[in-house]
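Written below as structure tokens is the structure these notes are about.
The values are calculated or read from the model by the stated rules, or taken from the named source; none is laboratory data. Note that this is a predicted model, so its numbers are computed, not measured. Cβ atoms come from the backbone with ideal geometry, glycine included; neighbour counts cover every protein chain shown. Only protein heavy atoms, including side chains, enter the accessible area calculation; ligands, DNA and RNA are left aside. Shrake-Rupley method; radii C 1.70, N 1.55, O 1.52, S 1.80 Å.
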Amino acid sequence: MIELQPFTENDFRLFKTWIKDEEQMVQFGGEMFVFPVTDEQLKSYIHNDNIKPLKVIWKETSETIGHCELNYQDGNKRLSRILIGEDKWRGKKIGEQIVLRMVELFFKDPNTKKVDLNVFDWNKGAIKCYQNVGFEIKHDKTTLMKVGNKTWTRLNMELERK
């Protein structure tokens, strides 16, 4: 089981070990960060009033195993920057637990009718995770993003309150 707690300056060192190259940085952070991520970038990030960065704790060991963000920019409620840090934690349905907990936090507000997220089309594991929770791809909100010499397709997915 997981728990979400505030992401603080004490988490910066571990977080930076999880991002190995520019492509991983873009996959995780979109255009918010530049590789290699610095403490200055992260300080600015945690002090942004439109987002709530969180660390993911594995409750059995109190180990920090990942990161996620509740994003309130542009009047949307968006699940952002979801990352399971080390390979040993991947493929265990932890991503679904993270997403469910994030959705639960957003839907505590009775005025929240839907939440969304963005994911690159080649990230099949993440897409399946989001679909398992109930998110649906909104093809009319698909965008392209240039990453180095490649063009990545960014899908938007939504979940409406039932």
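For residue 60 and residue 112, the FRET efficiency from 1/(1 + (r/R0)^6), where r spans their Cβ atoms and R0 equals 30 Å, is about 0.45. Counting other Cβ atoms within 10 Å, which trypsin sites (Lys or Arg not before Pro) in region 35-74 have at most 12 and lie in a DSSP loop? Qualifying residues, ordered by number: 59.
When the Cα atoms of region 32-114 are enclosed in a convex hull and the volume is divided per residue, what value in Å³ results?
120 Å³
Give the carbon-plus-sulfur fraction of the accessible surface of region 28-154 in %, rounded to a whole number; probe 1.4 Å, heavy atoms of protein chains only. That share works out to 47 percent. First check a/c for region 52-162, with a ≥ b ≥ c the square roots of the eigenvalues of its C-alpha gyration tensor; if it is under 1.5, answer rounded, and if not, answer prolate when a/b is larger than b/c or oblate otherwise. Because a/c hits 1.5 or more and a/b fails to exceed b/c, region 52-162 counts as oblate. With kT/(6 pi eta Rh) evaluated at 10 °C and eta = 1.306 mPa s, and Rh the Kirkwood radius from Cα pairs, region 1-78 diffuses with a coefficient of 120 µm²/s according to Stokes-Einstein. Only DSSP H runs of four or more residues enter the estimate; each adds -39500 (n - 2.57), and after division by the residues of the chain the mean residue ellipticity at 222 nm equals -8500 deg cm²/dmol.
Note on region 1-40: Kirkwood radius taken over Cα pairs, Stokes-Einstein applied at 20 °C and 1.002 mPa s, translational D equal to 192 µm² s⁻¹. Think of a 1.4 Å ball rolled over the protein heavy atoms: the chain then has 57 Å² of accessible area per residue. Exposed loop sites, defined as GluC sites (Glu not before Pro) outside DSSP H, G, I, E and B with at most 10 other Cβ atoms within 10 Å, are absent from the longest region of the chain, namely 61-162. For the chain, the membrane-span-like helices by this rule, meaning whole DSSP H stretches whose C-alpha atoms cover at least 15 Å of axis and whose Kyte-Doolittle mean is -1.0 or above, are 94-107; this says nothing about an actual membrane.
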